[in-house]
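Below you'll find the structure, written out as structure tokens, and then a few comments.
The values are calculated or read from the model by the stated rules, or taken from the named source; none is laboratory data. The structure presented is a predicted model; accordingly, all values stated were derived computationally and were not measured. Here the Cβ is made from the backbone with ideal geometry for all residues, glycine too, and neighbour counts use every protein chain on show. Accessible surface is based on the protein model in full, side chains and every heavy atom, while ligands, DNA and RNA are left aside. Shrake-Rupley method; radii C 1.70, N 1.55, O 1.52, S 1.80 Å.
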Amino acid sequence: MLFGLAYMMVAGVANARPGYFGDYFFFSVQTLGTIGYGNMYPEQTATNILVAFESLMGLFGVAMVTGLAFARFSRPTARVLFSKVAVVTQFNGVPTFMLRMANQRGNQILEAQVRVTCVRQEISPEGVEMRRFYDLALIRSETPIFFLTWLVMHPITPESPLYDLGLHRGNIPDEDVIFVVTLTGVDDTFSQTVHARYNYQIGEIIPEHHFRDVILPGRLHERVIDYTYFHQTLPDKNELNP
């Protein structure tokens, strides 16, 4: 539109109706898009200068849009599936907080690292209400290759920030508690860092349950994931929960 106004002011476009903005606007569109139907064309030096400048601006615009689009859509994204719930069950004789993740992409995530943070609303001895962040010590917080599933585990020992919540005793505390899970790794296809994040509310923790197994042998003796039971849990008495 700006170049159309400029062409209208210069009035050097052949076959354009004088004072009719539509002709100059569509001539500008043809110039910017390098269409050139031939019905209208510049016939003055000032108009040719405008055409040259607009053509240059069009080339820069195409280059910028192409670069931005490539940078946006070529950036890898982690398609990590998190279990809808987390559980607390016995592992090696210790009550353990567990959640499950799966890599939904066909490639691998290299040098994957997971971090679980417990966010609690607390009141300081001075009576100040504030949110506290507690990093949970995991049995395994990193893996060289994240390909199928990953069972993230935190033992609830007396030193654990979760010990006073009573989850290991089957209790669900009436508190404002959130578990923030973050995953970082390197996409083996693009060699770029990918991220994933998920939150668990305290009501999404199921004590005295464990996850149902989803790793099955394939036809060629490979390991495959059956996502049908990915979010399902079993009570520790081996009865399927409703």
Mind checking the range 79-143 for GluC sites (Glu not before Pro) that DSSP puts in a loop (not H, G, I, E or B) and that have at most 15 other Cβ atoms within 10 Å? GLU126
Helix-only estimate, please: 222 nm mean residue ellipticity of the chain, summing -39500 (n - 2.57) across DSSP H runs of length 4 or more and dividing by its residues, to the nearest 500. -7000 deg cm²/dmol
Considering only protein heavy atoms and a 1.4 Å probe, what is the carbon-and-sulfur percentage of the accessible area of the chain? 58
Once the piece of chain linking ILE35 and LYS237 is laid out straight, how much longer is it, given 0.36 nm per residue of separation minus the C-alpha distance between them? 65.4 nm
For the chain, the Cα gyration tensor yields equivalent-ellipsoid semi-axes (√(5λ), largest first, whole Å) of 62, 24, 15
The range 169-240: chymotrypsin sites (Phe, Trp or Tyr not before Pro) in DSSP loop, at most 15 other beta carbons within 10 Å: PHE190
Which angle from 0 to 90°, rounded to the nearest 10, does the C-alpha axis of helix 45-73 make with the longest principal axis of the chain? 10
For labels at GLU142 and PHE25 in the simple 7 Å Cα→Cβ model, what's the distance in nm? 5.9
Other residues with Cβ under 10 Å from the Cβ of GLN121 give, with Lys and Arg +1 and Asp and Glu -1, a net charge of -1
Taking K and R as +1 and D and E as -1, what net charge do the other residues with C-beta under 10 Å from the C-beta of GLU208 add up to? +1
Give the Debye-formula value of log10 I(q)/I(0) at each listed q (0.27 Å⁻¹), with one equal scatterer per alpha carbon of the range 108-193, two decimals each. -1.33
Using alpha-carbon positions, what is the distance between the centroids of the range 169-199 and the range 24-58, in Å? 54
Translational D (Stokes-Einstein, µm²/s) of the range 113-156 at 20 °C and 1.002 mPa s when Rh comes from the Kirkwood sum over C-alpha pairs? 169
Heavy-atom accessible area with a 1.4 angstrom probe orders LEU5, LEU220, LEU148, most exposed first, as LEU220, LEU5, LEU148
The answer for the range 52-130, accessible area per residue at 1.4 Å probe in Å², is 58
Shape metrics for the range 141-242, restricted to C-alpha atoms - Rg then Dmax, Å: 16.7, 49
In the range 166-242, the trypsin sites (Lys or Arg not before Pro) that fall in loop regions by DSSP, at most 13 other Cβ within 10 Å: ARG219, LYS237
Once a ≥ b ≥ c are taken as the square roots of the eigenvalues of the Cα gyration tensor of the range 1-51, is the result rounded (a/c under 1.5), prolate (a/b larger than b/c) or oblate (a/b not larger than b/c)? rounded
